[in-house]
Amino acid sequence: MNGAFSVSKEHPPQDGLTISTPVSILSETAVTWFSLGAQTDISAEVYDRPVIYIGMDGSGSLVTKNENQESEMTQGDCFIIESGTLCGTKTQKGFVYAEIMPMEGVKMNQAIKPGEIFQMTDLLPYENGSVVNMDVVSNDAMKFVLMSFDKGTGLSPHRAPGDALVFALDGKAVIGYEGKDYPIEAGQTFHFAKNGLHSITADEKFKMALLLMLK
């Protein structure tokens, strides 16, 4: 797909249905879009790797610890669980989210506590005339990074070593990709293919999450 896109528009929730759509990326890291219709759920399961959940639209609950603990998620929220943790999802009105499953051996920023919801935009500030980076989770196969851009700042054209997904969290920017410019704003997503030439320029203060595949 060319240009920024909305996961919730591409895969809208449908009453009585849960829809899972694998993301076509080349990586050991599994990424799936989930769209849950009103009053649906996905039963709690245990995975042998950590899981990162990102709220894309609507609202829902993550159910952990033998269904005794619920954590409410909305757009821009993130929830990370360690491997071996029982976890499921449910919603009353409809919920769209991303599920990211890196392989084992992840390193997590000490500011993040597994099993607790956090709003990604709250984790890093804007700095005058600067770009701010924060590694959230990483291993040999992937990096999940938060970035903030002051108005007018950006990243010069470059190529990434693997596929990447940008999750726009706040504000607006322009992504240059293979010679064309694509506006992006909060709530939208953009996919870079491996070695795709790209740049980012912030039209206003802009925050994003970046999932970079290393192998």
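The values are calculated or read from the model by the stated rules, or taken from the named source; none is laboratory data. The model shown is predicted, which means the values in this text are computed figures rather than measured ones. Every residue, glycine as well, gets a Cβ built from its backbone with ideal geometry; the counts of neighbours run over all protein chains shown. The accessibility values were calculated without ligands, DNA or RNA, using every heavy atom of the protein model including side chains. Shrake-Rupley method; radii C 1.70, N 1.55, O 1.52, S 1.80 Å.
Values for this structure:
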quantity	calculated
Residue-level accessible surface for Arg49, protein heavy atoms, 1.4 Å, Å²	50 Å²
23 Å tail of the calculated P(r), the chain, as % of Cα pairs	45 percent
Anchor Lys215: aspartates and glutamates whose Cα lies under 15 Å away (excluding residues fewer than 8 positions away in-chain)	Glu28, Glu104, Asp140, Asp163
The stretch 125-192, relative contact order [Cα under 8 Å, separation at least 6], %	24 percent
Top of Lys180, Lys143, Lys151 by mean-square fluctuation, Gaussian network on the chain, Cα under 10 Å	Lys180
Cross-link table Lys93/Lys194; Lys9/Lys207; Lys107/Lys205; Lys113/Lys207, entries beyond 25 Å C-alpha to C-alpha	Lys93/Lys194; Lys107/Lys205
With 10 Å bins from 0: P(r) over the stretch 99-144, alpha-carbon pairs, percent	22, 49, 25, 4
Label point distance in nm, Phe118-Val131, each placed 7 Å from Cα along Cα→Cβ	2.2 nm
The chain: most fluctuating residue of Gly94, Gly154, Gly129 per GNM, C-alpha cutoff 10 Å	Gly129
Interchain or long-range residues, amide H under 5 Å from Tyr182's placed H	Ile175, Gly176, Tyr177
R0 of 30 Å, Cβ-Cβ distance Glu10-Asp203: FRET efficiency to nearest 0.05	0.80
Length-normalised contact order for the chain - Cα pairs under 8 Å, 6+ apart - percent	20 percent
Mean separation of Cα contacts under 8 Å, 6 or more apart, over the residue count of the stretch 26-80: relative contact order %	32 percent
Cα-projected label distance for Leu155 with Arg49, points at 7 Å along beta-carbon direction, nm	2.2 nm
